[in-house]
Amino acid sequence: MIASLTIGQSYLTLFQPKPPRFVLYEGPRGTAKTRGILTGLMCYALKNPGARIILSRSTRTRLTETVLTTLEEQVYPAFGMRVPGDAGRVNRHSYDLPNGSSFIPIGLDDPQRTTSMEAAKIYVSEGIEIGMRQHVEALAGALRQPGMPDRQCIIDTNPGPPGHWLNAAAEPVPKHWRRVESPEDYQRLLEHAHRPPQEGFWKRIVTRHQDNPGYFDLTAWQWTDAGREYLDTLQMFTGHLRRRWLDGDWVAAEGTVFPEFDEDRHVIEPFNVPADWPTYVGWDAGFDHPTAILWFTVAPTGCIYVYDEIYRGGRAVSDHCRHVHEKNAGRTVHAYYADPQHCFSQTAQSPKTIASQAKECGISMSPWPRTGGNEETMVERVREKLRQPSMFKVFRTCQNTINEFQSWSYKRDARGDLPAGEDKFEDRDNHSMDVVKGVISMNIQHKRQLIRAVGAA
Ligand SMILES: Nc1ncnc2c1ncn2[C@@H]1O[C@H](COP(=O)(O)OP(=O)(O)O)[C@@H](O)[C@H]1O
Ligand SMILES: [Mg+2]
């Protein structure tokens, strides 16, 4: 049987003979990312018998509601094929094709998820929902199915805050390329899509509504009726969601705790920190959440620099300590400051506090002030620094810290209003921010005198 398929031109890159290992397809909602990518993967599965293709998203529930729904309701029918078996999509472990190829759905929250599997292709949907690059890289460890012509991890996403790790992982493109008003503008994106990625980056492919044959008629260069109807449904969005979902721009959220933070003024290119400037290391411990460890220094002018970071979950304290010691070579550490609750109290899992485990590795932590009743004051002290951009800078390499400055938000109630009371800050995107608050509240200074903290290397 010959199926006739329509697919947006940006997705023709899915058929390149030697595709880049990691490719990010970004774009506003409705540019046919999910359907386009699944169509490409279905062609691959049919062409390469026995191919295993992992379909993934942050949670299994979200995967089922979006990717698997599109696969079953749009892609199988477009190929004139029937969804195999009668298992509902909620519990399905695989979709098997007659030639031995299969699609394997995995939620990143799935406790049974396995990377012992060998796969040829991985599709990670809505990468913006994934907190750490390492989660995607760990999954990509499965890309070792032998006998396949190529192995590739495809990620798609709606844009989010500009400092998000995913935006940093993919090659940069000029911002104005995302404004597509003429066939020439669109052509420029297509030419970019087919070039190899910039060295050291993931390939970035910018998709637009012109890539959705259901919504845009390229020959007539106008929206289809379905496209116009779809645009109407997006009109209700305002502010940053509109910029991300309708325009496809990477912009910071509104309602962040630090609206003063400005990438143009507070982020700088890294330089070599003189060895005799004091370093202060701040530590917010996490296992399921990332552990955030930040290096601060203070210049003779009093300007504070955040110049290095570790941002990683799932690791033992001793592993972090080893990594910290490595990074400290050539640095003069005056003190280690840590979260007073998490690092200095016992937990059910471990009778030894994190501070005492670190001490065994030669790192002596002091607590920063407790936030209880005090958080607003600590936030205000960071704001004061931010209001004088010559006094507070972050190295561009500290991507996770930049991202949290652009993301950490106030809680909103269902009406979008700020609720009153203590607990007004969102409890996410706040790992580096806890460290920044804690270390700034220690009032760190430029001291040339080498009063080394006990145990500091
Ligand atoms: N090739 C196509 N032909 C017809 N309609 C399409 C096609 N691709 C996408 N669409 C329509 O556009 C909608 C949005 O596509 P989807 O892949 O979910 O976009 P995204 O993942 O970019 O948000 C689909 O539900 C479908 O109605
Ligand atoms: Mg989608």
ask   = Short version: ³J(HN,Hα) in whole Hz for each residue of region 218-228, in order, from phi by Karplus 6.51 cos²θ - 1.76 cosθ + 1.60 (θ = phi - 60°), x for Gly and Pro, what are they?
value = 5, 5, 7, 6, 7, 5, 7, 4, 4, x, 5
remark   = In the chain the DSSP beta bridges are antiparallel at a rate, in percent to nearest 5, of 35
query = For the chain, which whole-number percentage of the solvent-accessible area (1.4 Å probe, protein heavy atoms only) is attributable to carbon and sulfur atoms?
reply = 50
remark   = Taking a probe of 1.4 Å and leaving out DNA, RNA and ligands, the chain shows per residue an accessible area in Å² of 46
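What percent does the relative contact order of region 185-323 come to when contacts are Cα pairs within less than 8 Å and at least six residues apart?
Numbers: 125 pairs, mean separation 13.9, N = 139.
10 percent.
May I ask for the net charge around Arg35, where only other residues with Cβ less than 13 Å from the Cβ of Arg35 are counted and Lys, Arg are +1 while Asp, Glu are -1?
Values: positive: Arg29, Lys33; negative: Glu72, Glu73, Asp156, Asp211.
Overall, the nearby charge balance is -2.
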inquiry  = Could you tell me the ratio Rg/Rh of the chain? Both radii from Cα atoms, Rh via Kirkwood.
reply    = 1.01
key: Lys, Arg +1 and Asp, Glu -1 on Cβ, resulting dipole of region 179-317 about Cα centre, debye, nearest 20   = 300
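Just to check, using Stokes-Einstein with a Kirkwood Rh over alpha carbon pairs, what's the diffusion coefficient of region 75-123 at 37 °C and 0.692 mPa s in µm²/s?
On the way: Rh = 12.5 Å.
Result for D is 262 µm²/s.
Relative contact order of region 1-148: what whole-number percent is it, with Cα pairs under 8 angstrom and at least 6 residues apart? Please report the intermediate quantities before stating the final value.
Values: 185 pairs, mean separation 41.8, N = 148.
With pairs under 8 Å counted, the relative contact order is 28 percent.
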query = Between region 31-104 and region 150-188, what is the C-alpha centre distance in whole Å?
reply = 24
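Can you give the charge dipole size of region 125-166 about its Cα centre, rounded to the nearest 20 debye, using +1 on the beta carbon of Lys and Arg and -1 on the beta carbon of Asp and Glu? Walk me through the numbers on the way to the answer.
Values: 3 positive and 5 negative charges, 38 e Å.
In debye, rounded to 20, region 125-166 gives about 180.
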ask   = Dipole of region 82-135 (Lys/Arg Cβ +1, Asp/Glu Cβ -1, origin at the Cα centre): which of Tyr95, Ile106, Gln134 lies farthest to the positive side?
value = Tyr95
task = Mind giving me the nanometre distance, one decimal, between the label points for Glu118 and Phe237, set 7 Å out from Cα along Cα→Cβ?
result = 4.1
note = Taking the chain and counting helices only, DSSP H stretches of n ≥ 4 at -39,500 (n - 2.57) each over all residues, the nearest-500 ellipticity at 222 nm comes to -6500 deg cm²/dmol
inquiry  = Report for region 53-210 the percent antiparallel among DSSP-assigned beta bridges with both residues inside it, nearest 5.
reply    = 10
query = Which residue, chosen from Pro146, Tyr280, Gly313, occupies the Cα position most advanced towards the positive end of the dipole of the chain, where the dipole is computed from +1 (Lys, Arg) and -1 (Asp, Glu) charges on Cβ about the Cα centre?
reply = Pro146
ask   = Among 166-173, 178-185, 381-388, what's the highest-first ranking by average C-beta atoms within 10 angstrom per residue?
value = 166-173, 381-388, 178-185
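Need one word for region 43-186: rounded, prolate or oblate. Basis is the Cα gyration tensor (sqrt eigenvalues a ≥ b ≥ c); a/c below 1.5 gives rounded, then a/b vs b/c decides.
On the way: a/c = 1.65, a/b = 1.41, b/c = 1.17.
Since a/c reaches 1.5 and a/b is larger than b/c, the shape of region 43-186 is classed as prolate.
If you place +1 on the Cβ of every Lys and Arg and -1 on the Cβ of every Asp and Glu, how big does the dipole about the Cα centre of region 1-119 come out, in debye to the nearest 20?
That gives region 1-119 a dipole magnitude of about 240 debye.
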query = Ranked by accessible surface with a 1.4 Å probe, highest first, in what order do Asp249, Asp427 come?
reply = Asp427, Asp249
key: Dipole of region 207-348, positive direction: furthest Cα of Tyr230, Pro270, Val333, with charges on the beta-carbon   = Val333
Relative contact order of the chain, pairs being alpha-carbon contacts under 8 Å that are 6 or more residues apart, as % = 16
ask   = Near the amide H of Trp202, under 5 Å away, which other amide H atoms are found, from residues 5 or more places off or on another chain, if H is placed in the peptide plane?
value = Ala170, Glu171
message = Can you classify region 1-56 as rounded, prolate or oblate using the Cα gyration tensor, where a ≥ b ≥ c are the square roots of its eigenvalues, rounded means a/c under 1.5, and otherwise it's prolate if a/b beats b/c and oblate if not?
response = oblate
inquiry  = Is the C-alpha gyration tensor of region 30-109 telling us rounded, prolate or oblate? Criteria: a/c under 1.5 is rounded; beyond that, a/b larger than b/c is prolate, otherwise oblate.
reply    = rounded
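The values are calculated or read from the model by the stated rules, or taken from the named source; none is laboratory data. A quick note: this is a predicted structure, and the numbers were derived from the prediction, not measured. Note: ideal-geometry Cβ built from the backbone for every residue, glycine included; neighbour counts use all protein chains shown. We work out accessible area using only protein heavy atoms, side chains counted, and drop any ligands, DNA or RNA first. Shrake-Rupley method; radii C 1.70, N 1.55, O 1.52, S 1.80 Å.
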